[in-house]
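The next block holds one structure in the form of structure tokens; read it before the comments.
The values are calculated or read from the model by the stated rules, or taken from the named source; none is laboratory data. Owing to the predicted nature of the structure, the values given are computational and were not obtained by experimental measurement. Note that we place each Cβ from the backbone using ideal geometry, even for glycine, and neighbour counts take in every protein chain shown.
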Amino acid sequence: MLFKKILVAYDGSEQAKRAIDYAADMANTCGGFLVVLTVVPRVTIPVFPEEGYGAAPLTNAQDFGDYQEKMRAMYQMSQTEVMKDIAENFPKLKAEAILLEGRPSATIVEQAEKNGVDLIVMGSRGIGGITGWILGSTSRRVVESCTKPVLVIK
Ligand SMILES: Nc1ncnc2c1ncn2[C@@H]1O[C@H](COP(=O)(O)OP(=O)(O)O)[C@@H](O)[C@H]1O
Ligand SMILES: [Mg+2]
């Protein structure tokens, strides 16, 4: 079978949900394995005041740590929910959830290579909203930099 192991990138957006529907259906039909990857973006602290947040006293760094925790909890919750949906809709499908922190596009490419997946499925847009591009920056970067086949759901 062509697509034995399918990685779907999930950021909790409606479009990523649609990507999940396609990926789960394909993996299920192929008797394959589904990897659901969610990447928690890193909260960054600019070091130089002219770049923005760096103007805040360094003691506020603690707030960024808290914010990172909250981000992680939100992404984690959304992933857990979607894993439940998958298990309900495709009870026989073998699926694994991976939650990592980092830069979404780079992490998706890295994990696809590392896990030896045969196909990456993602949405054309995510939670970043409409910026005038047909593809969001994550999907564009993955398509441009990954050697694996990529299916972008519109
Ligand atoms: N943090 C993330 N973790 C996992 N997948 C992601 C993440 N961000 C984006 N994706 C994947 O990339 C697709 C396109 O999102 P993106 O390119 O970020 O668009 P936007 O600029 O609208 O946010 C999403 O539908 C999802 O499949
Ligand atoms: Mg995005």
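Screening the candidates Ile120, Ile127, Ile108 for the property of being out of contact with any Lys or Arg (no Cβ under 8 Å at 6 or more places or on another chain) and more than 10 Å from ligand 2 (Cβ to nearest atom) yields one hit, Ile108. Just so you know, in the stretch 105-154 the residues that are crowded, with 20+ Cβ neighbours inside 10 Å, near ligand 1 (Cβ under 8 Å from one of its atoms) and among the aliphatic types (A, V, I, L, M) include one that is farthest from Arg42 (Cα to Cα), and it is Val121. Within the stretch 20-46, the set of residues being more than 18 Å from Pro91 (Cα to Cα) and within 15 Å of ligand 1 (Cβ to nearest atom) comprises Leu37, Thr38, Val39, Val40, Pro41, Arg42, Val43, Thr44. Can you say whether Asp85 is more than 16 Å from ligand 2 (Cβ to nearest atom) and at pLDDT 95 or above, as far as the supplied structure shows? Considered against the rule, which asks whether it is more than 16 Å from ligand 2 (Cβ to nearest atom) and at pLDDT 95 or above, Asp85 comes out as yes.
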